[in-house]
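Peer 1: One structure, pasted below without further comment.
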Protein chains: 2
Amino acid sequence: MGASKVEIHTETHILISEIAKVLSHPARVAILEYIAKQENCICGDIVDEIGLSQPTISQHLQVIRNAGLLKGNFEGKRLCYCLDVARFKEFQQVLNQFFNHTSAQCC
Amino acid sequence: MGASKVEIHTETHILISEIAKVLSHPARVAILEYIAKQENCICGDIVDEIGLSQPTISQHLQVIRNAGLLKGNFEGKRLCYCLDVARFKEFQQVLNQFFNHTSAQCC
DNA sequence: TCTTATTATCGTAATATTGCAATATTAATT
DNA sequence: AATTAATATTGCAATATTACGATAATAAGA
């Protein structure tokens with residue numbers, strides 16, 4: 001089918017899977033790292049950096065944006081992307097809670 | 001296309017995305033939590049627990065197994081699954097390294 | 001206003017994922 | 001060996017994802 005049976009899962013499990021989904025493509029991992037690394041949030045050359053076409057990068061950015069990880073700023077001429085660090089750390093915490101809680105319970 | 005352009009990405013980015021991919025479906029998150037929770041690794045009723053068909057669960061288990069997160073034991077009659085906690089914690093560490101490294105660099 | 005540069009969207013093709021019924025395999029028990 | 005129970009595999013259909021060319025939208029500067 002390809003469609004997930006979302007209704008049988010808990011909110012927490014869905015949240016974890018949605019966070020993981022953002023990181024489940026190497027291009028998105030690279031983009032996140034890149035926009036964090038850039039001083040003054042100078043962006044726009046993600047395309048050159050990653051090696052995928054502009055529409056493809058834009059598509060990946062949308063996934064990242066939909067997850068709430070992107071802050072857009074105008075700095076002079078270009079639309080500048082910036083990582084929403086607070087949200088990013090929220091994601092880390094949710095995953096850590098899952099990891100800790102799960103491994104603590106194991107035999 | 002649907003196929004990822006793996007050759008343009010770094011080993012680290014691919015590793016992170018592969019770890020995330022395991023967690024990118026709520027059923028797999030639920031399965032991991034469940035097999036960790038079970039005392040004495042009593043398994044086999046994952047199907048009842050999750051609410052998906054046996055072949056579908058088996059398929060998700062394969063993804064988890066291929067990631068190296070599953071240890072199979074024989075305990076009496078049934079094939080018992082157990083979480084490989086060491087590997088699981090390895091995954092956590094890789095993700096945490098990415099999160100820490102990335103958010104530390106951000107503006 | 002007309003370029004020009006940047007980013008987003010559309011359309012489309014290829015591949016991947018999810019899900020299950022049917023079937024096969026495996027291992028313990030009779 | 002035959003039966004039974006548990007798990008894996010196969011085959012298929014539906015949907016999702018990835019990727020890019022073409023095009024549209026947006027905004028700054030001439």
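The values are calculated or read from the model by the stated rules, or taken from the named source; none is laboratory data. Fair warning: this is a prediction, and the values are worked out from it, not measured in the lab. We place every Cβ from the backbone using ideal geometry, glycine too, and count neighbours over all the protein chains shown.
Peer 1: Filter the range B:1-21 for residues that are more than 7 Å from chain A (Cβ to nearest Cβ), in a helix (DSSP H, G or I) and at pLDDT 90 or above and give the result.
Peer 2: B:11, B:12, B:15, B:18, B:19
Peer 1: Is it the case, given these coordinates, that residue B:24 is in a loop (DSSP other than H, G, I, E, B), at the interface with chain A (Cβ under 7 Å from one of its Cβ atoms) and at pLDDT 95 or above?
Peer 2: The answer is yes for residue B:24.
Peer 1: Same structure again: Do the conditions hold for residue A:66, that is, is it more than 12 Å from chain B (Cβ to nearest Cβ) and either more than 30 Å from residue B:34 (Cβ to Cβ) or modelled with pLDDT of 95 or more (or both)?
Peer 2: When the stated conditions are applied, residue A:66 passes them.
Peer 1: Within the range A:80-107, how many residues are within 14 Å of residue B:86 (Cα to Cα) and either assigned to a helix (DSSP H, G or I) or of a type in the set (Ser, Thr, Tyr) (or both)?
Peer 2: 6
Peer 1: I'm checking my understanding of the structure. Among residues of the range A:1-23 that are surrounded by fewer than 14 Cβ atoms within 10 Å (Cβ to Cβ) and more than 10 Å from DNA strand C (Cβ to nearest atom), which one is farthest from the chain's Cα centre (by Cα)?
Peer 2: The qualifying residue farthest from the chain's Cα centre (by Cα) is A:10.
Peer 1: A follow-up question, please. Taking into account only those residues within the range A:27-54 that are outside any loop (DSSP other than H, G, I, E, B) and exposed (fewer than 14 other Cβ atoms within 10 Å of the Cβ), which is nearest to DNA strand C (Cβ to nearest atom)?
Peer 2: A:54
Peer 1: For the range A:27-62, how many residues are farther than 24 Å from residue A:93 by Cα, within 7 Å of chain B (Cβ to nearest Cβ) and not hydrophobic (A, V, I, L, M, F, W, C)?
Peer 2: Count: 3.
Peer 1: Further, regarding this structure: Look at the range B:57-71 and say how many of its residues are part of a helix (DSSP H, G or I) and more than 8 Å from DNA strand D (Cβ to nearest atom).
Peer 2: Result for the range B:57-71: 4.
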